[in-house]
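Peer 1: Before anything else, here's the structure in question.
Each value in this text was obtained by applying a stated rule to the coordinates, not by laboratory testing. This one's a predicted model, so the numbers in the text were calculated from it and none came from an experiment. Every residue, glycine as well, gets a Cβ built from its backbone with ideal geometry; the counts of neighbours run over all protein chains shown.
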Amino acid sequence: MKNEQEIPKEYCPYCGKNLIRILSEQEQKKYKLRYVSEKIGVSNWDSIFAWKCPYCTKTWRR
Ligand SMILES: [Zn+2]
């Protein structure tokens, strides 16, 4: 069964880049994940309070 619709869409609010990367078949097997989000968590102690875009390096609040 195809379940393409399970992959969320997530874009950087600043540069509009798609932050969801679909993994290759090998990676999907290796990591047991279908996709990863490329945004970077900015954390304070152990809680992430903001995200950073890897493309434009701007940050935004969760
Ligand atoms: Zn960006």
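Peer 1: Return the pair list, or none, for Cβ contacts closer than 8 Å from residues in the range 5-31 that are under 15 Å from Trp51 (Cβ atoms) to residues that are surrounded by fewer than 11 Cβ atoms within 10 Å (Cβ to Cβ) and of a type in the set (Lys, Arg), at least 6 apart or on different chains.
Peer 2: Asn18/Lys9; Ile20/Lys9
Peer 1: Go through the residues of the range 1-17 one by one and say whether even a single one is loosely packed, with under 11 Cβ neighbours inside 10 Å and among the aliphatic types (A, V, I, L, M).
Peer 2: Within the range 1-17, one or more residues are loosely packed, with under 11 Cβ neighbours inside 10 Å and among the aliphatic types (A, V, I, L, M).
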